[in-house]
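Structure first, commentary second.
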Amino acid sequence: MVVCGDDGLVHRLAAELSGVYGERVTVVLPPAREARRRPAPALGRAAALFGRVTGAVGRAGAPDRNGTAAGGGLVRVLEAAEPGEEAFTEAGVAHATALALVYDDDETNVQAALLARRLNPRVRLVIRLYNRRLGEHLAKLLDQAAQLAATADGAPVTDTEAATTTVLSDADTAAPVLVTAAVSGHNKVIEAGGLMLRAAERSHVIAGRGRGRELCTLALLSAAPRPGSAEVPDGDGPLLLPDDLRPPGTEGRAEVVLEAVPFALQPTPVRPTVRGLPLGSFFSRRLRWALGLLTAAVCALAVASWSVTSDDPTHAVYLSLLDLFAINDPAISEGHGRKVLQLFSGLTGLLLLPLLVAAALEGLGTFRSASALRRPRRGLSGHVVLLGLGKIGTRVLARLRELGIPVVCVERDPQARGVALARSLRVPTIIGDVTEEGVLDAAKVGHSGTLLALTSSDITNLEAVLYARAVNPEVRVVMRLYDDRFAKAVYRTLRASHPGAWTRSRSVSFLVAPAFAGAMIGRQILGAVPVERQVVLIAALEVEGRPELNGQPAGEAFVPGAWRALAVTSRRLEASGREETRLMEDLPARYVLGGQDRVIVAATRQGLADLLGRRPVPRPR
């Protein structure tokens, strides 16, 4: 397998494939000398990317002298300025099983995908694209090209060997996890085979009080700091997929449980303003009042003129408008009633003229500022402060607005891609560096309910979190941290310093790497439930060809600490022959899994690798 990229995701994915699934991986990276020329704020500063790849793979399974990792996978690192034909030839793309293109630039990934499909029509492509519409069209185009190439060679591709193209977005994959972590803790909703599965964090004392059917315990969280100690012992980390009976020494730990909920989330569609001139913003409230008063005055004067002069009603309205704006001839030869009415109309016009001018100027000011960024309103509290409007922040902002959650954004670059979305959604946005004094205060972080620190710099996110904790100790915090050791130290320190506050750290590349790896090995990963700095994967697997599942009673499809069957999709469950998905608890008694069934499982990385028949990977000591 070949992985090509230029940021933090490339080495996470290489470590996933090599250390977990035992695959032979070739990593293609930009040269270190070119990486040094890149801007410093980039997340995976390519100057340190080469070393990080080696470190990540080493943590998963350090290569020996022959380059073989502990998990049995072979990791080879190549340097190439761009993913061209020469680099692909050296990396062996022509004979590769799968190729992942995870460059940060969509154009680079598209060009590389077209070249790779020409060199190897049978290769399984996994492409990272932010543009979802482009991704849909590209996947159809590449799959069609693969079929035509196979037909021209006279060797049609079978169903099991069909070259597939999977387009994934790290922003779309990570945004729901970040949003649910910020809004409701560990809550996460995953759609699996028509079922809605909800992961929720709760303390052991209130276990069993969820809103849905509790299926199983996904994890036991780390133990709380010991009395008088500021650190959590190293041996008290999270325990994934524990046995039904709690292991000794885990009493009192909080847990993450999986529930089946009978409904799906129905978010409110985001309706940004229409592109172009915001004409509706010109008619402000005061301008509408002024126009209403003018209309009422004209109607009243028209009725009075009609009753005095007995003119046609249309002519009476016309005369009233002329008198109101003092552009009619004096009614010298008219009767006394007409003269008095003309004087009253002129006086009314003089009174309304300043009001109309002031209202028009205010409407014009509102019209001009409608396309500008809004400021947080007075008295705002309980909102979400979102730091960073890059690719990840933009998707998170859209999701928050779909759920109707008030947001205040902070972004240093006024040209960032998320600023335009914030402007169209009329979301209050502060342009400035979060490390500068007064920027977070302008976002009213002291009165906020949640802080989402999603900038590309770990230090910037930490600085913002520390300041927010100083002014608002109870604020809920979700910060984006890349380095695992750094995140672990930060989490423990904040947890010990603020035991009553809620703090979570997430790594985007860590969250999305399982989805990319699953696509490369041809398996469907439906979702990932974050458990501190680890994840529990929800995947759909075919029973046929898996001795751990085929022929086993459904009630016994569980290996503590590795994997657990949640539901079964099969035609045998429906008399009409249609596929139906049922939870394990709803299956007939003594139901035995067969080759026609498809099972939805919750598994650790190692457990999923075992189910897929990969070589076992020793756990790090």
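What does the accessible area of Glu82 come to, in Å² to the nearest 10, when a probe of 1.4 Å is used?
130 Å²
Net charge near Leu319, counting Lys/Arg +1 and Asp/Glu -1 over other residues with Cβ under 12 Å of its Cβ?
-4
Pull out the extension gain between Thr314 and Met196, defined as 0.36 nm times the separation in residues minus the alpha carbon to alpha carbon distance; nm, one decimal.
Between Thr314 and Met196, full extension yields 36.0 nm more.
Taking H as built 1.01 Å from N, whose amide H comes closer than 5 Å to the amide H of Gly527, not counting residues under 5 places away?
It is Ile538, by chain and number.
Keeping every protein chain in place, order Val427, Val167 by accessible area at 1.4 Å, biggest value first, i.e. largest first.
Val167, Val427
For Cys409, which sequence-distant residues (separation of 5 or more, or a different chain) have an amide H within less than 5 Å of its own amide H, given hydrogens modelled in the peptide plane?
HN-HN under 5 Å from Cys409: Leu386, Thr429, Ile430.
Rounded to whole Hz and in sequence order, give me ³J(HN,Hα) for segment 110-125 from the Karplus expression 6.51 cos²θ - 1.76 cosθ + 1.60, θ = phi - 60°, writing x for Gly and Pro.
With coefficients 6.51, -1.76 and 1.60, one gets 5, 4, 5, 5, 4, 5, 5, 5, 6, 6, 8, x, 9, 6, 7, 9 Hz.
Quickly rank 495-507, 121-133 as a protection proxy: mean count of other C-beta atoms within 10 Å, highest first.
121-133, 495-507
The values are calculated or read from the model by the stated rules, or taken from the named source; none is laboratory data. Note that this is a predicted model, so its numbers are computed, not measured. For neighbour counting, all protein chains shown are included, and Cβ atoms are generated from backbone atoms with ideal geometry for every residue, glycine included. In case anyone asks, the SASA skips ligands and DNA or RNA and just uses the protein heavy atoms, side chains included. Shrake-Rupley method; radii C 1.70, N 1.55, O 1.52, S 1.80 Å.
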